[in-house]
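First up is the structure itself, then whatever we jot down about it.
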Amino acid sequence: MASASSTAPGQVVTHGVAPLRAGQGISFVLRRLHSLSGIVPVGAFLFEHILVSNSTAITGPDAYARQVSFLANLPLVFFLELFGIWLPIAFHALYGFYIWYRGDGNTIQYPWSGNWMYTAQRWTGGIAFAYILWHTWTMRFTGIDLHAHPELSFGKVQAEVFRAPFLLFYVVGLIAASWHFAYGIWLFSAKWGIVTGEKAQKRFLIVCLAFFVVLSGAGLASLYSFRSRPMQDGAASGRITVTIADHPTAAERRPVR
Ligand code: HEM
């Protein structure tokens, strides 16, 4: 089987993952940027969001509020979000849809389960995109402004996950994003020639699948924590009275201790 590093330009690849090659003009640069953005910053953000920030929910509402407060009080937080999260995700997603639409004919270059993995990478990206749009809208831009009221964050998440259809969307979105990222790490390593050779790539695939289990397992554990603890302030939708329009000014904000 051809490894990522053993193909020459113009050679037809029948197995393995095609390396990204120079000499394809702007689309080469965009493909490289798309590939890299999946790891940094988008993947790095997903890692932090699930394995660090949301895992604090397992400890309880106070720990979760402290973590949200820490993030909300980072200097220039809006610009960190804009340039570190929203714009990179928008670029990766929109260019990802373009790659999907173009159907860049590398179906047979996805190894072993070929077509299936190729399709899964696209659909999990699409599902993650729908989930991310909805999740950002409801958590960041509507209802309680959690940057101003981090102490209400646990309750705000509970208000969603106590409704079965929303909980289902959380679970599906979490699993789709985790799969997409974990298998994406494998693709990235093959395309950039970091892990080469059939044996090494097979072993690394197992590492990536283990990472998928850890990532989605940690996410499911935090969802369970939101569901299993008593309702916190702000959880019952009728009691959500603070809106983004009447949040305190930055000077009035107090980090949660
Ligand atoms: C949860 C956020 C996301 C993360 C962490 C992420 C991460 C990654 C990573 C690491 C890769 C592998 C890079 C490579 O192929 O070299 C990748 C590939 C890909 N992503 Fe994403 N991604 C995310 C969201 C999306 C979205 C919303 C779409 C939209 C459809 C998308 C579409 C794609 C496509 C089509 C590929 C495969 C490119 C190829 O086969 O050449 N991704 N992603």
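The values are calculated or read from the model by the stated rules, or taken from the named source; none is laboratory data. Quantities reported herein were computed from a predicted structural model and do not represent experimental measurements. Because the Cβ atoms are built from the backbone with ideal geometry, glycine has one as well, and the counts that use them run over all protein chains shown.
Any residue at all in the stretch 74-85 that is part of a helix (DSSP H, G or I), at pLDDT 95 or above and within 11 Å of the ligand (Cβ to nearest atom)?
Scanning the stretch 74-85, I find at least one residue that is part of a helix (DSSP H, G or I), at pLDDT 95 or above and within 11 Å of the ligand (Cβ to nearest atom), so the answer is yes.
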Seminar exercise, completed: Across the stretch 87-103, the tally of residues that are more than 9 Å from the ligand (Cβ to nearest atom) and touching a residue at least 24 places away in the same chain (Cβ under 8 Å) stands at 2
Exercise. Hey, among the residues in the stretch 144-169 that are out of contact with any helix residue (DSSP H, G or I) (no Cβ under 6 Å at 6 or more places or on another chain) and surrounded by fewer than 20 Cβ atoms within 10 Å (Cβ to Cβ), which one's farthest from G126 (Cα to Cα)?
Worked result: A148
Seminar exercise, completed: Subset of the stretch 58-76, residues aliphatic (A, V, I, L, M), closer than 18 Å to D145 by Cβ and free of Cβ contacts under 8 Å to residues at least 60 places away in the same chain, comes to L71, L74, L76
Problem set entry | Selected residue [part of a loop (DSSP other than H, G, I, E, B), hydroxyl-bearing (S, T, Y) and either within 16 Å of the ligand (Cβ to nearest atom) or at pLDDT below 95 (or both)] from T136, T196 | T196
Exercise. Looking at E151, is it closer than 20 Å to N54 by Cα and more than 19 Å from the chain's Cα centre (by Cα)?
Worked result: yes
Exercise. Does the stretch 160-176 hold any residues that are among the hydrophobic types (A, V, I, L, M, F, W, C) and outside any helix (DSSP H, G or I), and which are they?
Worked result: F162
Exercise. List pairs: first in the stretch 138-166 and on the phi < 0 side of the Ramachandran plot, second surrounded by 15 or more Cβ atoms within 10 Å (Cβ to Cβ) and basic (K, R), Cβ under 6 Å, 6+ apart or cross-chain?
Worked result: I144/K156
Seminar exercise, completed: Log entry, pairs with first residue in the stretch 183-205 being over 20 Å from F28 (Cα atoms), second being within 9 Å of the ligand (Cβ to nearest atom) and not β-branched (V, I, T), beta carbons closer than 7 Å, six or more apart or on different chains, reads Y183/Q121; V195/S189; Q201/A190; F204/W186; F204/S189; L205/W186
Seminar exercise, completed: Residues of the stretch 24-55 being away from the ligand (no atom under 12 Å from the Cβ) and touching a residue at least 40 places away in the same chain (Cβ under 8 Å), in sequence order, are L51, N54, S55
Exercise. What is the number of the single condition among (1) away from the ligand (no atom under 13 Å from the Cβ); (2) over 21 Å from D233 (Cβ atoms); (3) of a type in the set (A, V, I, L, M) that L146 does not meet?
Worked result: (2)
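Taking the options S189, S222, name whichever one is among the polar types (S, T, N, Q), within 16 Å of the ligand (Cβ to nearest atom), modelled with pLDDT of 95 or more and within 25 Å of A128 (Cα to Cα).
S189
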